[in-house]
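Quick notes on the structure that follows.
The numbers here are math on the coordinates, done by the rules we state, and not lab data. Fair warning: this is a prediction, and the values are worked out from it, not measured in the lab. Glycine gets a Cβ as well: all are built from the backbone with ideal geometry, and neighbour counts include every protein chain shown.
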Amino acid sequence: MSSEKKARAIAHPAVTSETPREADLREVQCALSQASRVAAIDALVASIAHEMSQPLSAIDASSSAGLRWLQRDAPNFEEAIISLEKVRSCAMRARKIIDELRSLTSHLKTPAETFDLHSAIREVVQLSRARLDELDVEVVFAGMSTPCYVMGDRVQIQQVVDNLLVNALEAMAGMSGRARVIHIASVEADNEVVISVTDSGPGLAPGCEETLFQPFVTSKPHGVGMGLPICKRIVEAHGGTMWVDKMRPFGLRFTFTLDKVATDSGAA
């Protein structure tokens with residue numbers, strides 16, 4: 001065989017015929033994959049519809065009430081204003097749901113920026129200092145006395161830390177009988193750094209760990225349930241992982257990992 005024919009044979013190998021059994025298995029696999037995608041879309045649509053129906057129903061009720069107050073023979077402007085304020089509040093909640101959904105579903109880009117992770121975390125804590133002092137919360141750092149360089153989007157990683165910090169503050173806000181403490185620890189391995197944020201709050205109800213990172217799942221009265229899913233997505237977009245552990249006898253610990261870069265290759 002000539003060298004040209006050999007090259008063509010390597011570039012275009014003969015296609016082996018597919019057996020009926022293999023064809024059936026491939027069709028089943030495609031059908032299951034399609035069904036999984038449809039189920040995921042159905043679940044997402046159902047969640048959005050559920051979350052949006054609440055503020056929209058409240059907007060409808062409050063706007064109708066406002067019209068009735070204005071259409072009376074002696075209009076009650078004070079009550080009408082109260083109704084309009086409720087409409088505005090519900091509209092803002094609906095917008096928040098949409099904004100957080102957009103943030104969750106958008107493609108997260110992670111610019112190749114090297115930064116000191118420990119410094120970035122301390123910045124977030126400093127920005128929350130007023131709230132920490134207001135609630136008499138002590139923040140204890142561990143393993144963060146020296147720089148630790150990672151690569152990614154500094155602002156996005158700070159968003160993750162800020163969300164975990166806010167969750168810890170809210171968990172301990174109504175607590176009494178023991179100290180309110182947040183432990184932020186950093187443990188460096190060969191190629192990665194492990195960051196944990198632990199509070200001394202009441203922890204989670206049984207079974208909540210499984211749904212904690214699902215969109216629209218929240219125990220907060222005015223929460224949307226998108227903060228933790230977005231955090232998990234940000235961490236995973238940076239090549240890391242994120243999880244939660246219930247502490248004993250109380251408290252909750254959120255942990256995430258990021259890849260390290262060599263200390264001498266970046267600047268804070």
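Amide H contacts for V139 (H built 1.01 Å from N in the peptide plane; partners 5 or more residues away or on another chain; cut-off under 5 Å): I182.
Rounded, prolate or oblate for the stretch 64-193? Axes are the square roots of the Cα gyration tensor eigenvalues, ordered a ≥ b ≥ c, and the cut-off for rounded is a/c under 1.5. The shape class here is oblate. Using a Förster distance of 51 angstrom, determine the FRET efficiency expected from the C-beta separation of Q126 and A49, and round it to 0.05. Efficiency at R0 = 51 Å is approximately 0.80. Note on S57 and E79: the model spin-label points, each 7 Å out from Cα along the C-beta direction, lie 2.3 nm apart.
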